[in-house]
Amino acid sequence: MSKSLHVDLHKLANFVNIALPLSVGIFAIAGELVSFYFHFLTVAAFFLSLVNGFYLLGQKEHTLLRNFGILGQGRYLLESIGPELRQYLLSNDREERPFDRQVRSEVYRKAKNIDSASSFGSQDAFDASEIKIRHSMFPASKERLEPFSLIYGEERGLETAYTIQRPIMISAMSFGALGERAVRSLARGAKLAGIPMNTGEGGYPKYHLMEGCDLIFQIGTTKFGVRDEEGLLDDAKLRSLASMEQIKMIEIKLSQGAKPGKGGLLPKEKITAEISELRGVPLGSDVVSPTFHPECSSPSATVQFIKRVQDVSGLPVGIKLCLSSPEEFTLLVCEMKLQEVFPDFITLDGAEGGTGAAPKAFLDKVGTPLLDALWQVNSILEREGVRGRLKLNASGKLVTPASQMLAFALGADAVYTARGFMMALGCIQALQCGNNTCPIGITTHDPRLQKGIDIGSKALRVKNFVDNVEHDLEELLASTGKTRFNDLNTENLHIPKLSQLSGYVEEALQVETKRASESDSLISA
């Protein structure tokens, strides 16, 4: 058998280290004896020799360069362009993460108002890991579908109750995480599509307000825009913001799916003088938000804080969280029952949710995935008899109508997406959101990169995306034989293994009675 081809990099590096200075002399002699133009090569070889010498003898930071010189730089070059090589040349349509090429292509086509139908067959695996939507032998006609309408705050009889007429909303993205032109494109698109946009936790929503769309103002753990000098909630500032006509609801962010148990992070590279002023933070250092609200140190205190924000703002008020454990969430719900205080909505964020920046350990290993969490939270709310006291929003990788249908069947009343709308703007999944180097100009404040975003055309793409997603959702709903999204449940899903929901379904069936008894005892106490 023939031996596999093997390149001795040490010998190759030694050859390069000797050849470079020799080539300087050879080209210099050729320039004198043969042609002056060889001196151009002399200069190039001399420059490369200097760089090689610095790598070998001058710098001490990189061992690879110290051992292999300029040859080692090739490794760093290939590593830097590796994601692009894999994305465009090596990966198949189902390999890329977090969104494969097929998913991104579907979003792009919807945003451009191009038919997204495919041919020949699905590329899904159709194995035991896939949850599918159950169709009905007797589908509903689209004419029978009831128009979507969801009223936030109706349970409390609020005069400021807010109604959405479409089942999809733009999830939390702040000015800071996104650049000015991206925020304005999304806001203008939201206005055209007739949907609300979440401001994210970035403070005063200057560019979100500029395009006239309805807004959900998010209060993060740093309380940008509504905090006092000690970092606590400033009632007067909240009351002033809540009085703005465009701000329709308030969302208290307790945790985020991409980094639950850790506060928000805005890298120093993305902090401009304007962001520094709007957020009240210094230039030149990362902005790391606290891991929790000081006012929310226990279930009792958290419910009291929800009540305070409701009373001060006068608007529908919800909470955003990534599910920790069913037991902790049950305690929170029991405390709501005890105080007779409920948020107007809960936004449930899955661990697969996106973010501008987060430690990789949190991205990969912390939090409960959305579909699992939805089943658990909806089941707990129903078991405690309070499902009708609030609305349930779902977020976390819900960029396609099919994934959104799964969320509706598991208990969601409406869905959020952030990255879906980023891709509608043209995001190519370059994975540079935290570096201020986004090549599409979406997550950067570099004017040279932002200039490629035409707000008018991108806003239209946002509207197209909403229109086409809603069209597909209606067709999927009709295929189940149901006429309202609220009528969907787990019977409309084919789940190959109940353990697909992290084993919680089977466990819940065994301990249902015990937990209900414990909850009743807690309330009585």
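The values are calculated or read from the model by the stated rules, or taken from the named source; none is laboratory data. Everything numeric here is computed off the predicted structure, so don't read it as measured data. Note that we place each Cβ from the backbone using ideal geometry, even for glycine, and neighbour counts take in every protein chain shown.
Residue under question is residue 174, and the condition is that it be buried (at least 24 other Cβ atoms within 10 Å of the Cβ) and among the polar types (S, T, N, Q); does it hold? Show your work before the answer.
Values: buried (at least 24 other Cβ atoms within 10 Å of the Cβ): yes; among the polar types (S, T, N, Q): yes.
Yes; evaluated as a whole, the condition is true for this residue.
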Original post:
Which condition number in (1) crowded, with 24+ Cβ neighbours inside 10 Å; (2) closer than 25 Å to residue 291 by Cα is the one that residue 241 fails?
Top reply: (1)
Original post:
Right, residue 201: closer than 26 Å to residue 262 by Cα and free of Cβ contacts under 8 Å to residues at least 12 places away in the same chain or not?
Top reply: no
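Got at least one residue in the stretch 337-348 being in the same structural domain as residue 248 (by TED's automatic domain parsing), within 26 Å of the chain's Cα centre (by Cα) and assigned to a loop (DSSP other than H, G, I, E, B)? Spell out how you get there, then give the answer.
Step one: filter the stretch 337-348 for residues in the same structural domain as residue 248 (by TED's automatic domain parsing), giving 337-348.
When the remaining residues are screened for being within 26 Å of the chain's Cα centre (by Cα), the result is 343-348.
From what is left, the residues that are assigned to a loop (DSSP other than H, G, I, E, B) are 343-344.
Within the stretch 337-348, one or more residues are in the same structural domain as residue 248 (by TED's automatic domain parsing), within 26 Å of the chain's Cα centre (by Cα) and assigned to a loop (DSSP other than H, G, I, E, B).
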Original post:
Are any of the residues in the stretch 296-314 part of a loop (DSSP other than H, G, I, E, B), touching a strand residue (DSSP E or B) at 6+ places or on another chain (Cβ under 7 Å) and not polar (S, T, N, Q)?
Top reply: no
**OP:** May I ask you to say which residue of 364, 311, 344, 286 is surrounded by fewer than 20 Cβ atoms within 10 Å (Cβ to Cβ) and modelled with pLDDT of 95 or more?
**Re:** 311
Original post:
Can you tell me how many residues in the stretch 379-399 are part of a helix (DSSP H, G or I), farther than 20 Å from residue 149 by Cβ and out of contact with any Lys or Arg (no Cβ under 7 Å at 6 or more places or on another chain)?
Top reply: 4
**OP:** Give the stretch 393-410 a look and list any residue that's under 13 Å from residue 486 (Cα atoms) and in contact with a Phe, Trp or Tyr (Cβ under 7 Å, 6 or more places away or on another chain), or say none.
**Re:** 393, 408, 410
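With surrounded by fewer than 24 Cβ atoms within 10 Å (Cβ to Cβ), part of a helix (DSSP H, G or I) and touching a Leu at 6+ places or on another chain (Cβ under 9 Å) as the only criterion, which of 407, 424, 402 stands out? Full working, then the answer.
On the way: 407 fails: surrounded by fewer than 24 Cβ atoms within 10 Å (Cβ to Cβ); 424 fails: surrounded by fewer than 24 Cβ atoms within 10 Å (Cβ to Cβ).
Matching residue, one of 407, 424, 402: 402.
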Original post:
Regarding residue 289, is this residue out of contact with any Pro (no Cβ under 9 Å at 6 or more places or on another chain), without any contact (Cβ under 8 Å) to a residue 40 or more places away in the chain and not β-branched (Val, Ile, Thr)?
Top reply: no
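Looking at 374, 370, 431, 398, which one is in contact with a Ser or Thr (Cβ under 7 Å, 6 or more places away or on another chain) and assigned by TED's automatic domain parsing to the domain that holds residue 198? If you could, list the steps in order and put the result at the bottom.
Values: 374 fails: in contact with a Ser or Thr (Cβ under 7 Å, 6 or more places away or on another chain); 370 fails: in contact with a Ser or Thr (Cβ under 7 Å, 6 or more places away or on another chain); 431 fails: in contact with a Ser or Thr (Cβ under 7 Å, 6 or more places away or on another chain).
Testing whether each residue is in contact with a Ser or Thr (Cβ under 7 Å, 6 or more places away or on another chain) and assigned by TED's automatic domain parsing to the domain that holds residue 198 leaves just 398.
Looking only at helices (runs of 4 or more DSSP H) that lie completely in the stretch 30-95, which have at least 3 residues being modelled with pLDDT under 80 and closer than 21 Å to residue 11 by Cα? If you could, list the steps in order and put the result at the bottom.
Values: elements: 38-53, 63-68, 70-85.
In the stretch 30-95, the matching helices (runs of 4 or more DSSP H) lie at 70-85.
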Subject >> Top-ranked residue in the stretch 377-399 [being of a type in the set (S, T, N, Q) and touching a strand residue (DSSP E or B) at 6+ places or on another chain (Cβ under 9 Å); ranked as surrounded by the fewest Cβ atoms within 10 Å (Cβ to Cβ)] >> reply: 378
Original post:
Of all the residues that make up the stretch 110-152, how many are without any contact (Cβ under 8 Å) to a residue 60 or more places away in the chain, part of a helix (DSSP H, G or I) and not assigned by TED's automatic domain parsing to the domain that holds residue 487?
Top reply: 0
**OP:** Quick one: which helices (runs of 4 or more DSSP H) lie wholly within the stretch 199-290 and hold at least 2 residues that are β-branched (Val, Ile, Thr) and within 19 Å of the chain's Cα centre (by Cα)?
**Re:** none
**OP:** Go through (1) surrounded by 15 or more Cβ atoms within 10 Å (Cβ to Cβ); (2) farther than 24 Å from residue 375 by Cα one by one and return the number of the condition residue 303 breaks.
**Re:** (2)
Subject >> Every residue from the stretch 451-480 that is surrounded by 16 or more Cβ atoms within 10 Å (Cβ to Cβ), outside any helix (DSSP H, G or I) and not hydrophobic (A, V, I, L, M, F, W, C) >> reply: 480
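Test residue 125 against the stated conditions and say whether it is small (Gly, Ala, Ser), more than 18 Å from residue 165 (Cβ to Cβ) and modelled with pLDDT under 95. Break it down into steps so the answer makes sense when it comes.
Working: small (Gly, Ala, Ser): yes; more than 18 Å from residue 165 (Cβ to Cβ): yes; modelled with pLDDT under 95: yes.
Yes: the conditions hold for residue 125.
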Original post:
How many of the residues in the stretch 202-238 are under 14 Å from residue 290 (Cβ atoms), in contact with a Pro (Cβ under 9 Å, 6 or more places away or on another chain) and of a type in the set (A, V, I, L, M, F, W, C)?
Top reply: 1
Original post:
Could you say whether any residue in the stretch 113-130 is in contact with a helix residue (DSSP H, G or I) (Cβ under 7 Å, 6 or more places away or on another chain) and of a type in the set (A, V, I, L, M)?
Top reply: no
